[in-house]
1. In whole percent, and with a 1.4 Å probe on the protein chains, what portion of the accessible area of the chain is carbon and sulfur?
2. Could you tell me the extents of the chain's C-alpha atoms along the three principal axes, largest first, rounded to whole Å?
3. Taking the Cβ-Cβ separation of residue 94 and residue 68 as r and a Förster radius of 30 Å, what is the calculated FRET efficiency to the nearest 0.05?
4. With every protein chain left in place, what is the accessible area per residue of the range 41-152 in square angstrom, probe 1.4 Å?
5. What does the helix-only formula give at 222 nm for the chain: each DSSP H stretch with n ≥ 4 adding -39500 (n - 2.57), the total divided by the residues, and the result rounded to the nearest 500 deg cm²/dmol?
6. Taking amide hydrogens as modeled 1.01 Å from N in the peptide plane, which residues meet the under 5 Å criterion relative to residue 54, leaving out close sequence neighbours?
7. Ignoring GluC sites (Glu not before Pro) that are buried or in helix or strand per DSSP, and keeping those with at most 16 other beta carbon atoms within 10 Å, what is the longest stretch of the chain between them?
8. How large is the dipole of the range 12-163 about the Cα centre if only Lys and Arg carry +1 and Asp and Glu carry -1, each at its Cβ, rounded to the nearest 20 debye?
Amino acid sequence: MKSIANTLLNKLEFPVLLAGLAIAGGLWGLVELMEVARATTPHAFDTEILLAFRHAGQPDSPIGPSWLEGAVRDVTALGSTVVLVLITTATIVYLLLIRKPATALFMFAAVAGGQALSSLLKLEVDRPRPDLVSHLVNETSLSFPSGHAMLSAVTYLTLGSLAARFLPDRRTKVFVLGLAVLTTVLVGTSRVYLGVHWPSDVLAGWCAGFAWAMLCWLVARLLQRRKVVADSD
């Protein structure tokens, strides 16, 4: 048995193994957070973190200077449906212009699949928006998971991982992927600051989005090996 395990590990490339572990971890985190979301009362860490973004005893008053609220609204727009659709459409059009239709189709399927998964999870859990603090933007959809957090992870990480395949050196690859992760983190954090999501909603969005993006990366890697989608050459 040990020799079989060693043989399998030797055949698996480290990035593939790491991606598999990331997918498993993301799914585990999502399942655990679904239990939190289904609880009849908010979890202590949800309420504590949400209130930490408000002045003590003033749930309508966000912390920070007066300009911060507007800046956070700008950041949260990076995860909005309109912006993500524009980015995805621009990427698909570019790929079609350089005659990479299979890669364009893959990008569309990755983002559309993430959107469908997010909608299904919202309907399954059916969690209302938090009412502990005031909402600094208007939202009418269900709360769990955070669509902004999940879809920004899906879009930016998928786009970043595909772009990294064409970049010339490791530093630029790390920069692009780091920028994708940073944008995803900022968008998710902005949703809690604005009071429209519980922290567990955002964490679940990150878990689901990261797992989906890693799965898409594995599929893209397989398709690139088979010369179905564009590779770096």
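1. The C+S portion of the solvent-accessible surface of the chain is 69 percent.
2. Each principal axis gives a Cα extent; for the chain these are 58, 50, 33 Å.
3. 0.30
4. Ligands and nucleic acids excluded, the figure is 55 Å² per residue.
5. Working: 9 runs with 166 residues, N = 233.
Counting only the DSSP helices, I get -24000 deg cm²/dmol.
6. Amide H to amide H, under 5 Å and 5 or more residues apart or across chains, residue 54 pairs with 63.
7. Of all site-free stretches, the longest is 14-138.
8. Dipole about the Cα centre, nearest 20: 520 debye.
The values are calculated or read from the model by the stated rules, or taken from the named source; none is laboratory data. Keep in mind that what you see is a predicted model, and the values were worked out from it rather than measured. Note that each Cβ is placed from the backbone with ideal geometry, even for glycine, and that neighbours are counted across all protein chains shown. With ligands, DNA and RNA removed, areas are computed over all heavy atoms of the protein, side chains included. Shrake-Rupley method; radii C 1.70, N 1.55, O 1.52, S 1.80 Å.
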